[in-house]
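The values are calculated or read from the model by the stated rules, or taken from the named source; none is laboratory data. On a predicted model such as this, the values are computed, not experimentally measured, just so you know. Glycine gets a Cβ as well: all are built from the backbone with ideal geometry, and neighbour counts include every protein chain shown. Accessible surface is based on the protein model in full, side chains and every heavy atom, while ligands, DNA and RNA are left aside. Shrake-Rupley method; radii C 1.70, N 1.55, O 1.52, S 1.80 Å.
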Amino acid sequence: MSRDDQLIFADHVGRFYARQYGFPPMAGRLLGYLFVCDPPQQTIDELGEALLASRSAITGAVKLLESYRLARRTRTAGERVDRVSVDPASQQPQNFDSAIHKEHAALFREGLALLADAPSERRAPLEEMVALADFLSERLPRLLQEWHTYRDELRASGRTEGAGGSPS
C-alpha cells in the first residue's frame, strides 16, 4: 500500500469520524492512519511527518483517541519516546452495556413524570425514548453474545485473525 493510499484512507476515516461522532478531523485521520501504517506503532514525530501535521496537533489527537480507548501509548524499556498504536480494546464492541440504556430509560421516565398531566402528544417523544431504551437494554446483551459466537467462528475458520484485547 502506498503512502498516498494510506493518507487517502486516513482522510476518509477522518471525515467519517468528524461527521458521525464530532471528532476533530485530525483525530479521525490519525485513527485511520494507525489502522494501516507500518510499523503499527509510531512515535509522535513519525505520525506528524506522515500526516503532515504539527506535533501539537498529533498530541491532541492522541489524547482524544486515548480517552475513547481507540489509541494507546506504549514505551519500551530504555526508549525515551512513546509509541502510539490502535488500542486493542477498540476492536471490542462498545456501548453494549445494558446498564447505560436502563439509565436512559430512568432519565426519560423522570421526564415523563414531569409531564404527567400533559397531553399525550407532548408525552409521546419521551414515551418512545423509554421504549427504545428498554428495547436496547433487553436486546443488546443477546446481540453481543451473537457477535462473540460469530467472531469466534470467523477466527476458527481462519477468515480473520484474533484481535488483541480481552473478550467482552
> So how strong a dipole does the stretch 72-131 carry about its Cα centre when Lys and Arg Cβ are +1 and Asp and Glu Cβ are -1, to the nearest 20 debye?
Replying inline: 480 debye
> Excluding the sites themselves, what is the longest stretch of the chain that contains no GluC sites (Glu not before Pro) in a DSSP loop with at most 12 other C-beta atoms within 10 Å?
Replying inline: 80-160
>> What is the percent carbon and sulfur in the accessible area of the chain, measuring with a 1.4 Å probe over the protein chains and ignoring ligands?
In response: 53 percent
> With no solvent and one point on each alpha carbon, what is the Debye value of log10 I(q)/I(0) for the stretch 1-67 at q = 0.23, 0.24, 0.28, 0.29 Å⁻¹?
Replying inline: -0.94, -1.02, -1.34, -1.40
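With the other protein chains left in place, how much accessible area per residue, in square angstrom, belongs to the stretch 10-168 at a 1.4 angstrom probe? All intermediate terms of the calculation are to be shown ahead of the outcome.
Values: 10090 Å² over 159 residues.
Solvent-accessible surface per residue comes out at 63 Å².
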> For V36, what accessible area in Å² do you get when you roll a 1.4 Å probe over the heavy atoms of the protein chains, rounding to the nearest 10?
Replying inline: 40 Å²
>> Let me see the P(r) profile for the stretch 37-88: every Cα-Cα distance counted, bins of 10 Å, each bin given as a percent of all pairs.
In response: 26, 59, 15
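Placing unit charges on C-beta atoms (Lys and Arg positive, Asp and Glu negative, everything else neutral), compute the dipole magnitude of the stretch 1-79 about its Cα centre in debye, rounded to 20.
Roughly 420 debye for the stretch 1-79.
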> How big is the charge dipole of the stretch 1-158 about its Cα centre, in debye rounded to the nearest 20, if each Lys and Arg gets +1 on its Cβ and each Asp and Glu gets -1 on its Cβ?
Replying inline: 340 debye
> Tell me, what ³J(HN,Hα) does each residue in the stretch 116-132 have, in order and in whole Hz, if you take phi through Karplus 6.51 cos²θ - 1.76 cosθ + 1.60 with θ = phi - 60° and put x for Gly and Pro?
Replying inline: 3, 9, 7, x, 4, 5, 6, 7, 3, x, 5, 4, 5, 5, 4, 4, 5
> Most fluctuating residue of G60, G78, G48 in a GNM of the chain with Cα springs under 10 Å: which is it?
Replying inline: G78
> Just the projected area, averaged over all directions, of the convex hull on the alpha carbon atoms of the chain: how many nm²?
Replying inline: 13.5 nm²
> Lys/Arg Cβ at +1, Asp/Glu Cβ at -1, dipole of the chain taken about the Cα centre: which of P125, S54, M26 is farthest positive-ward?
Replying inline: S54
> What relative contact order, as a whole-number percentage, does the chain give when Cα pairs under 8 Å and 6 or more residues apart are counted?
Replying inline: 16 percent
>> Taking only the Cα atoms of the stretch 102-145, how large is their convex hull per residue, in Å³?
In response: 49 Å³
